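The values are calculated or read from the model by the stated rules, or taken from the named source; none is laboratory data. Nothing here was measured: the structure is a model prediction, and the numbers come from that model. Neighbour counts run over all protein chains shown; Cβ positions are idealised from the backbone, glycine included. SASA here: full protein model, heavy atoms, side chains in, ligands and nucleic acids out. Shrake-Rupley method; radii C 1.70, N 1.55, O 1.52, S 1.80 Å.
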Amino acid sequence: MSVEERPAPVAERPAFFAKAARALGWSMASTIINRLSTLAIGIALARILGPDAFGTFAVALVVLLAVLSFNELGVSLAIVRWPGDPREIAPTVATLSVLTSTLVYGGLFLGAPLLARVLGDPGSTAVIRILGLSVIVSGLVATPVALLQRAFRQDRKAVADLVTNWTSALASIGLALAGNGAMSLALGQLAGSLAGAVLFGIFAPQGLRFGFDPAKARALLRFGLPLAGSSIVLFATTNLDRVVVGATLGPTALGYYVLALQLATWPVTVFSQPVRAVVPAALARLHDDPPAMRRSFLAAVALLGSVTLPACLLLAAASDALIRFLYGDVWQPAAGVLLWLGPLAALRILFELCYDYFVVIADTRVVLNVQVVWFVVLLPSLYAAGTLAGLQAAAAVQFAVALLVIFPLYLTALRRAGIRTLSVAARLGPPLLGAVAVVLVALLMARAGAIDLVVLAVAGVTTLAAIGLLGYRLRGVIRELKTVG
């Protein structure tokens, strides 16, 4: 059986889109709450640990994210797109996910010393091994999480995510105050993963059951392996910066870099990830109506751009004030990094939406090709920038590659899929003008010599006003989405 999503009958679409909208609301609310809480806790941890310990944890986190990009071989995503009852493949998916995740962790444990040296911090071996246990936990929860996503039960997922984040954060703070350094973050992360895994197992429609059907396993691997390969390349591209910074500039510079990166990914996490939790399943229901699918994609571009462009460029324009106010002068080198990573985050949000679109239309070759080009161009550019010009140049070259190389590639691929470049530009033009207004206000306030709090307050209010005006303007786009439903 092919892993293709059967389109929803037209008569069922209004109820389906209402369900998807509720799921998106829960996903968005959960993400915002989690990010607000973890921001405050992250500030406390950064002030307690300092750049050195933070950099050691960042080394281990890079390794963890690397293996999480392929540990279950992409088979759990098949649950979201399986044309029949997902319960018929869930036991096989669970078995494959846990088995491959366990094998991956074994390799990680053995290779931890080498990975630590490559990333510039040999002392992080133990932290890598402890944090890496989260790989096995990820394999355990992959199937329950996919079942919740398939059922649009983002309300239950929201509760589990909240418990995961708070358990991790509180455990990390307690261990950090006790003097455990970078290990406090690794142990806290593991504790949060375990707490969340318990709830995901309880909340999933059928819990966690194991089984194995060879025929279904072959179909799952045919679907999942290309995505796993693409995810590996995607990870290599999106995390190459941390690898190169750690290897060329050391763990302290990596600590500054990761702090700026965490702030820059705020818009991605708050706005893009909740949409990505819903949009693929929604678009998959429109396979029988390609024009409607294209309209929905463009509507998503307009909505995401209206929120994320002002927010991302605010981070860049107010980077100095933001770093000083939240983290203190010891973290000031991170401001020069945030200056470039903010605009880069806006591009990444658009790229992720394109990624999901091409996955839904089963054109994963485009995704893989773009990621390969990105990696090949970025690696020498990033290494040269880090080696010759330092931390800020390493951030700047990433934005340049994304804007000048990757953005045109995605626009070309979209045009071949029937989405004109002018249509994308028309959706992004007004958000970009709003973002420019935010930048001008932030720069004028900083130039006027205002204190950091005033700069952030005025620029923040301007950002909210811009987002509000852009959202009001998009009432027609929302009606268009309802028409598609």
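Residue ranges 301-312, 445-456 sort as 301-312, 445-456 when ordered by packing (mean number of other C-beta atoms within 10 Å per residue, highest first).
Per residue, the convex hull around the alpha carbon atoms of the stretch 379-429 comes to 72 Å³. Trp340 sits with roughly 80 Å² accessible to a 1.4 Å probe, with DNA, RNA and ligands left out of the calculation. Quick one: plug the Kirkwood hydrodynamic radius of the stretch 86-130 (C-alpha pairs) into Stokes-Einstein at 20 °C, 1.002 mPa s, and report D in µm²/s. After rounding, the answer is 178 µm²/s.
Sorting 132-138, 433-439, 362-368, 469-475 by average packing, meaning the other beta carbons within 10 Å per residue, from highest down gives 132-138, 433-439, 362-368, 469-475. The residues Arg209, Arg416, Arg427, sorted by heavy-atom accessible surface at 1.4 Å with ligands and nucleic acids left out, run Arg416, Arg209, Arg427 from largest to smallest. Ranking Thr167, Thr56 by solvent-accessible area of protein heavy atoms (1.4 Å probe, all protein chains present), from largest to smallest, gives Thr167, Thr56. Based on Cα atoms of the stretch 330-460, Rg over Rh with Rh as the Kirkwood radius reads 1.04.
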